[in-house]
Amino acid sequence: MRALSLERKRSERSGTGFVLVLLDSTRLLKSQGGRQAIEGALLALSRSSRDTDIQGWFKDGATIGVIFTELALDADERSIATALLSKVTMALTSALSLRQMHGISLSLHAFPESWDEDNLANPDESIFDAPLYQHWPDRLPYLAKRLMDVVGSSVALAFCLPLFAGISIAIKLTSKGPVFFCQKRLGQSGRKFTFLKFRSMYVNNDATIHRDYVKRFIANANGCGQTREGQSTYKLTADPRVTPVGSFLRKTSLDELPQFLNVLKGEMSLVGPRPPLPYEVECYKVWHRARLLSAKPGITGLWQVGGRSRVKFDEMVRMDLKYATSWSIWLDIKILLQTPRAIVSGNGAH
C-alpha cells in the first residue's frame, strides 16, 4: 500500500496515469503446490514488466499487485487496459497450468479514475480512496475531534438561537423564498450531503454566473474580481443574485450558522476543508481531488483564517492538504480561536 500511495502522489504531480493489476491468488494457494505456483507467477511477471513497474503484495499472502507506471491513459484507456491484461495473462500462462490459472482472478484499476456521477454516488468502491490521505494517528484523537464537534456545535446552536430567529425574520421580510438555502455538496470521499446556509440570494436565480466563476477560480485566473480598494480577489463580487440582507450575512459570515446542524449530524466538522459543489469537482485537476479525501469538510479552516478570497485555488488546496497531514486537536483549537478575528476583520469576505 505504501508503494501505491507513493505512485499516486507521483502521478498527481506529473499528470500521467498508472494501472494497478491485482491477482487474487486465494484459491490457488489452497490447492496442492499453490505456493510454488505463485513463486513461478511472480518470476514470470517480473520478466514481462518494465524496470519502472512496481510489483509486490497488495494483501499479504493473498493478492499480488503490479503497478504499470507512467501511462498516458487519456489517449485510449480501453486499448491500454486490454493490452496490459493480455500481457499479464500471457506471462501467467507461461508459468501456470490451465488448472492453476483457474485459481487466479484478475482485476484492473486505472488512476486517475473518472469522477462521474456513478463514482461520486459510490465513493467507497475505490481502492485509491481515503486510506492514502487519512492521517489520524489512531482512533482516540479522531474520537476526541468528533466529541469536540458535537459539544461545540450543540453549544453554538443553543447560544445562537436568538440570532436564528432574528435572521429568519429579516430574510422573510425582505425577499420571497425559504429561510434556509439547501444545496448538495460533496463531503469526505465524495459523499453527498445537504449543505445548509441562511438564504442570501433571490430565488430562481441563474447559476451560470457561479459556474463561470468556479471555472476561472480553479484555473487560477488573475483575480475573479476586485475589492473596493482595488485589490484582486478570488471570490465572486458584486453578485446581482445576492439580496441586501444576504450581503450583510455573507460579510459577517452569519449565513454559515446553520452548518452547525451539519456538524451535529456528522456530515461536517468544526474545522476542515470547505465542501465543494459537484460541478466544482468536475473542474479539478487530479491532485486537487486529494482535498476531498484528506479530511471531513469543516465550517472553518486554514483557508478561512489565512486568506480566504485573497488566496488562489491551488494555494487553498495546499492549505487543505497541509491541515490533513499536520492535524491535531491543538491545531483545531488554534484555528477555532483565530476564526472570530477573521470574521470581525472581514478579511476576504464578500
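Do we have K197 as of a type outside the set (D, E), under 24 Å from the mean Cα position of the chain (by Cα) and at pLDDT 95 or above here? Considered against the rule, which asks whether it is of a type outside the set (D, E), under 24 Å from the mean Cα position of the chain (by Cα) and at pLDDT 95 or above, K197 comes out as yes.
For segment 313-338, give me each residue that is crowded, with 18+ Cβ neighbours inside 10 Å and not aromatic (F, W, Y). Can you show your working first?
Pass one, segment 313-338, residues crowded, with 18+ Cβ neighbours inside 10 Å: 313, 316-317, 319-321, 323-324, 327, 332, 335.
Hits for segment 313-338 are M316, V317, M319, D320, L321, A324, D332, I335.
Please tell me if F248 is assigned by TED's automatic domain parsing to the domain that holds F159, assigned to a helix (DSSP H, G or I) and in contact with a Cys (Cβ under 8 Å, 6 or more places away or on another chain). It is false that F248 is assigned by TED's automatic domain parsing to the domain that holds F159, assigned to a helix (DSSP H, G or I) and in contact with a Cys (Cβ under 8 Å, 6 or more places away or on another chain).
Screening segment 256-275 for residues that are crowded, with 22+ Cβ neighbours inside 10 Å and either not aliphatic (A, V, I, L, M) or not assigned by TED's automatic domain parsing to the domain that holds H288 (or both) and picking the one that is farthest from the chain's Cα centre (by Cα) gives F260. Filtered by the rule that a residue be more than 21 Å from E315 (Cβ to Cβ) and not hydrophobic (A, V, I, L, M, F, W, C), segment 258-281 gives P258, Q259, N262, K265, G266, E267, S269, P278, Y279. Scanning segment 161-213 for residues that are without any contact (Cβ under 8 Å) to a residue 60 or more places away in the chain and among the basic types (K, R) yields K172, K176, R199. Residues satisfying the criterion are present in segment 163-178 (criterion: among the aromatic types (F, W, Y) and surrounded by 12 or more Cβ atoms within 10 Å (Cβ to Cβ)).
The values are calculated or read from the model by the stated rules, or taken from the named source; none is laboratory data. This is a predicted model, so every value here is computed, not measured. No Cβ is skipped: glycine too gets one built from the backbone with ideal geometry, and neighbour counts run over all protein chains shown.
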